[in-house]
Amino acid sequence: MRINYKIDWHALGDMNGSKKLSNKKYSILEGALKVVSKRGIQGLSVTSLSKECGLSKPLLLYHYESMELVLEDLYFYITKLLEYFYRQSYDQESSFEENISAITVSAFKWSLFNRDVAQFFCLMPHIGKSSQGLKKTSQFHHEMIQTQYEKIFLESMRFNSIETVKISVHGVKTMTFGTLNEMIAKGDILDHEDYAQILKFNLEQFLQVELPRFLL
């Protein structure tokens, strides 16, 4: 599985429910992703970002008045990247087991899209708490994921109540994103196949099903 893909910001901007930005803003988001990946959230400043993008500070501030606004758009677009993978994987005609396998593989492909996205993924829980705008974007991120999982569980018609669905969704999400976070935080990206197979076993035990092989 390659982990050095380039983000097509324009394609993400064209998705339903997205927002189109100028070429210059897309360039700034690309630079911000690199800065945050290398230096963390605290390392993102007008100085570091203008240097990464090759822009003057006044020009950078013309497009984005603050670093929080940069992070809001970056968080939003990285979420749309995950949504893109979810949309590609879901098939209404597939079985519950096939769709659980597909949505799990989608999460792996998203978090391993490239090394910058991988690092940003680990920081997202912390970024989402720093301002009202980011809290709103973080809420959109979590609601999008919740909706995708609930759709699979509800359509399977194998759960007795909404409460059971919510508990099951919470368990699957926690195991999936916890595994991804551990893999990236430990620098074990190249061992993603091993992590995927361990996760597959854990999900099968939790859901009491046999899942198709995770093809990364």
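The table for this structure:
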{"read-out": "Hey, Tyr62 at pLDDT 95 or above and aromatic (Phe, Trp, Tyr) or not", "value": "yes"}
{"read-out": "Condition check for Tyr62: under 30 Å from Leu215 (Cα atoms) and not polar (S, T, N, Q)", "value": "no"}
{"read-out": "The listed residue being crowded, with 16+ Cβ neighbours inside 10 Å, closer than 23 Å to Leu207 by Cα, among the small types (Gly, Ala, Ser) and within 13 Å of the chain's Cα centre (by Cα), out of Ser106, Ser138, Ser101", "value": "Ser106"}
{"read-out": "The lone exception for Leu12 - which of (1) over 22 Å from Ala185 (Cα atoms); (2) free of Cβ contacts under 8 Å to residues at least 60 places away in the same chain it fails", "value": "(2)"}
{"read-out": "Considering residues of the range 1-42 that are closer than 21 Å to Lys109 by Cβ and β-branched (Val, Ile, Thr) only, the residue nearest to the chain's Cα centre (by Cα)", "value": "Ile7"}
{"read-out": "Qualifying position, being in a helix (DSSP H, G or I), touching a helix residue (DSSP H, G or I) at 6+ places or on another chain (Cβ under 9 Å), closer than 19 Å to Lys136 by Cβ and of a type outside the set (A, V, I, L, M), among Glu52, Glu83, Glu97, Glu30", "value": "Glu83"}
{"read-out": "Flag for Ser89 being under 22 Å from Ile184 (Cβ atoms), of a type outside the set (Val, Ile, Thr) and without any contact (Cβ under 8 Å) to a residue 24 or more places away in the chain", "value": "yes"}
{"read-out": "Failed condition for Asn181, given (1) within 20 Å of Glu98 (Cα to Cα); (2) within 19 Å of the chain's Cα centre (by Cα)", "value": "(1)"}
{"read-out": "Enumeration of residues in the range 55-67 that are in a helix (DSSP H, G or I) and either of a type in the set (A, V, I, L, M, F, W, C) or crowded, with 16+ Cβ neighbours inside 10 Å (or both)", "value": "Leu59, Leu60, Leu61, His63, Met67"}
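Per-residue answers, yes or no, for (1) closer than 26 Å to Phe159 by Cβ; (2) of a type in the set (S, T, N, Q); (3) out of contact with any strand residue (DSSP E or B) (no Cβ under 7 Å at 6 or more places or on another chain); (4) at pLDDT below 95:
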residue	(1), (2), (3), (4)
Gly54	no, no, yes, no
Asp73	no, no, yes, no
Tyr84	no, no, yes, yes
Ile100	yes, no, yes, no
Phe108	yes, no, yes, yes
Asp116	no, no, yes, yes
Gln119	no, yes, yes, yes
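The values are calculated or read from the model by the stated rules, or taken from the named source; none is laboratory data. What you see is a predicted model; the values in this text were computed from it and never measured. Glycine also receives a Cβ, built like all others from the backbone with ideal geometry; neighbour counts cover every protein chain displayed.
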